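Participant: This structure is in structure tokens; I'll ask about it shortly.
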Amino acid sequence: MIRFHSIILAASLLLAAAVASAQDMRPAEQVYKNIKVMTGVPASQIVEGMHVIKAALGVTCEHCHIQGQMDRDDLPTKNKARAMYLMMTEINRANFGGRQLVTCVTCHRGHATPANVPELPSPVITEETESRPQPPTVDQILAKYITALGGEQAMRKVTTRVIVATQEVPTGPGGTIPVPAKLERSLKAPNLAVDVYAAEKFTISSGFDGTAQWTRGQNGVVGAVAPDGIDGERAGRAAAFYEPLTLKAQYQTMRVDGIEHVNGHDSYVVTGVPAANTPEKLYFDTQTGLLLRKSTYIDAMSGRSPYQVDFDDYRNTGSGVKIPFVVRMVPATPRTELSTRATLRITSVKDNVPIEGAKFAKPTGQ
């Protein structure tokens, strides 16, 4: 399958500055102007946190901010939001040991004014009398997944892969302006990858050199993603060329959490907790065994910013191995506006083509 880390890499392709901000662990007040109640919050959480607030309330940034002058306090809704943030953090402190269990979305649910009256008609609650069949174990689900992809023997016979595809690159404020691009993705065992996105007016690239993730923006600036940050940790964990064969080793714990409906298919939900302690959910088709969805999140000061990747249209690459030829991302990257979307569509795949190792090395740049 297309490795999840390659999707994560796309997040850092947007702008080199965005990557730096995502890794910035300085207090927010040292990076942004007029921070009053979010003092001490890592700067890396501010932008994602604002995306979560915007989605939770169903509003635009201008609900609280003056466009182009975000630090100004002209609008009363901005101070109201500050008061609500303090209320939320105090509830979590006093009742949940500071864990982020109550968030803006807990009450607002997409509305600027939260509902305080139950909706009608009231749902009918019935007792469940039928016993549900016992789901398969994690090992059984993962074994069926590997078989569905073609089996371990066929997978290990492939040592390189070059994929050509189309994908929208999110640009502009919050990634809300999608730009069509051609993607060439080169992969080599055991854990080398490079993505090159060519749009009409710019080219950007990123890669994993076996040790760390790097990026190159349209201005030629080369950057690196901190391996101990959540983006770097995920990239390193998912960099294995044979990722489906190593899924269980990537997580400290894995458990089956029942069955859910995903895009018209029943799927077993497997929750994995990696070393970074941010749970990830994997959804495997109960019939075919194929991975249909992977979802996770990024912690922000106002709650969890979700990220979901759907895998579709699995086809044989010609080497006896199946991969998804369509990958849909919501939002477009883990750090763009929650309303954004991106779809990767593969147009060609070549397995076992010669690729020099130097292709994956971090390039020199400004």
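Participant: Do the conditions hold for A181, that is, is it closer than 28 Å to P354 by Cα and in contact (Cβ under 8 Å) with a residue 40 or more places away in the chain?
Facilitator: On the way: closer than 28 Å to P354 by Cα: yes; in contact (Cβ under 8 Å) with a residue 40 or more places away in the chain: no.
Criteria not met by A181.
Participant: For residues in the stretch 203-232 being polar (S, T, N, Q) and without any contact (Cβ under 8 Å) to a residue 40 or more places away in the chain, which is least open to solvent (accessible area, probe 1.4 Å)?
Facilitator: Residues of the stretch 203-232 that are polar (S, T, N, Q), as a first pass: 203, 205-206, 211, 213, 215, 218-219.
This time we only want the ones that are without any contact (Cβ under 8 Å) to a residue 40 or more places away in the chain, so: 203, 211, 218.
Details: T203: 76, T211: 113, Q218: 106 Å².
This residue is T203.
Participant: With E48, E62, E90 as the choices, which residue is assigned to a helix (DSSP H, G or I) and over 29 Å from G229 (Cα atoms)?
Facilitator: Details: E48 fails: over 29 Å from G229 (Cα atoms); E90 fails: over 29 Å from G229 (Cα atoms).
Of E48, E62, E90, the one residue that is assigned to a helix (DSSP H, G or I) and over 29 Å from G229 (Cα atoms) is E62.
Participant: Oh, and also: Could you list, in sequence order, the residues of the stretch 203-217 that are polar (S, T, N, Q) and in a strand (DSSP E or B)? Don't jump to the end; show me each part of the working.
Facilitator: Going residue by residue through the stretch 203-217, those that are polar (S, T, N, Q) are 203, 205-206, 211, 213, 215.
Within the stretch 203-217, T203, S205, S206, Q213, T215 qualify.
Participant: Moving to a separate point now. So which residues in the stretch 273-287 are farther than 17 Å from V327 by Cβ and modelled with pLDDT of 95 or more? Step through it out loud before you land on a result.
Facilitator: As a first pass, look at the stretch 273-287 and keep what is farther than 17 Å from V327 by Cβ: 273-279, 286-287.
T286, Q287, listed by residue number.
Participant: Another question about this same structure. Looking at the stretch 288-308 only, could you name the residues that are at pLDDT 90 or above, more than 17 Å from A235 (Cα to Cα), out of contact with any Leu (no Cβ under 8 Å at 6 or more places or on another chain) and open to solvent by less than 40 Å² (accessible area, probe 1.4 Å)?
Facilitator: Correct list: G289, L292.
Participant: Also: Is it the case, given these coordinates, that G151 is at positive phi and either free of Cβ contacts under 8 Å to residues at least 24 places away in the same chain or surrounded by fewer than 18 Cβ atoms within 10 Å (Cβ to Cβ) (or both)? Even if it seems obvious, please write down each step before you answer.
Facilitator: Details: at positive phi: yes; either free of Cβ contacts under 8 Å to residues at least 24 places away in the same chain or surrounded by fewer than 18 Cβ atoms within 10 Å (Cβ to Cβ) (or both): yes.
Considered against the rule, which asks whether it is at positive phi and either free of Cβ contacts under 8 Å to residues at least 24 places away in the same chain or surrounded by fewer than 18 Cβ atoms within 10 Å (Cβ to Cβ) (or both), G151 comes out as yes.
Participant: Anything in the stretch 28-59 that is among the hydroxyl-bearing types (S, T, Y) and modelled with pLDDT of 90 or more? List them, or say none.
Facilitator: So the first thing to find is which residues in the stretch 28-59 are among the hydroxyl-bearing types (S, T, Y), and the list is 32, 39, 44.
Passing the criteria: Y32, T39.
Participant: Still on this model: Among the residues of the stretch 316-329, is any of a type in the set (S, T, N, Q), open to solvent by 30 Å² or more (accessible area, probe 1.4 Å), farther than 30 Å from M84 by Cβ and in contact with a helix residue (DSSP H, G or I) (Cβ under 9 Å, 6 or more places away or on another chain)?
Facilitator: Initial filter on the stretch 316-329 (of a type in the set (S, T, N, Q)): 316-317, 319.
Now drop any that are not open to solvent by 30 Å² or more (accessible area, probe 1.4 Å), which leaves 316, 319.
Right, trim to farther than 30 Å from M84 by Cβ and you get 316, 319.
Next, only the ones that are in contact with a helix residue (DSSP H, G or I) (Cβ under 9 Å, 6 or more places away or on another chain) stay: 319.
Yes: one or more hits.
Participant: Could you check the stretch 98-148 and list, in sequence order, the residues that are hydroxyl-bearing (S, T, Y), part of a loop (DSSP other than H, G, I, E, B) and surrounded by 10 or more Cβ atoms within 10 Å (Cβ to Cβ)?
Facilitator: At the first step, the residues of the stretch 98-148 found to be hydroxyl-bearing (S, T, Y) are 103, 106, 113, 122, 126, 129, 131, 137, 145, 147.
With part of a loop (DSSP other than H, G, I, E, B) added as a condition, the list becomes 103, 113, 122, 126, 129, 131, 137.
Passing the criteria: T103, T137.
Participant: Output yes when any residue across the stretch 58-81 is farther than 23 Å from G174 by Cα and either loosely packed, with under 11 Cβ neighbours inside 10 Å or within 24 Å of the chain's Cα centre (by Cα) (or both), and no when none is.
Facilitator: yes
Participant: Continuing with the same structure: Quick one: would you say G220 is in a loop (DSSP other than H, G, I, E, B), modelled with pLDDT of 95 or more and more than 30 Å from T106 (Cβ to Cβ)? Lay out the reasoning, then the answer.
Facilitator: Details: in a loop (DSSP other than H, G, I, E, B): yes; modelled with pLDDT of 95 or more: no; more than 30 Å from T106 (Cβ to Cβ): yes.
Judged against the criteria, G220 is not a match.
Participant: Hey, does the stretch 166-174 have a residue that's of a type in the set (V, I, T), in a strand (DSSP E or B), open to solvent by 30 Å² or more (accessible area, probe 1.4 Å) and farther than 15 Å from A358 by Cα? Full working, then the answer.
Facilitator: Our first condition is that a residue be of a type in the set (V, I, T); within the stretch 166-174, this holds for 166, 169, 171.
Narrowing further to those that are in a strand (DSSP E or B): 166, 169, 171.
Next, from what is left, pick out any that are open to solvent by 30 Å² or more (accessible area, probe 1.4 Å): 166, 171.
Now drop any that are not farther than 15 Å from A358 by Cα, which leaves 166, 171.
Scanning the stretch 166-174, I find at least one residue that is of a type in the set (V, I, T), in a strand (DSSP E or B), open to solvent by 30 Å² or more (accessible area, probe 1.4 Å) and farther than 15 Å from A358 by Cα, so the answer is yes.
Participant: For the stretch 252-268, how many residues meet the condition of being without any contact (Cβ under 8 Å) to a residue 24 or more places away in the chain and open to solvent by less than 80 Å² (accessible area, probe 1.4 Å)?
Facilitator: 3
The values are calculated or read from the model by the stated rules, or taken from the named source; none is laboratory data. Computed from a prediction, not measured in an experiment: that's the story for all the values here. Here Cβ is always computed from backbone atoms with ideal geometry, including for glycine, and neighbour counts include all displayed protein chains. Note: areas computed on protein heavy atoms with side chains; ligands, DNA, RNA excluded. Shrake-Rupley method; radii C 1.70, N 1.55, O 1.52, S 1.80 Å.
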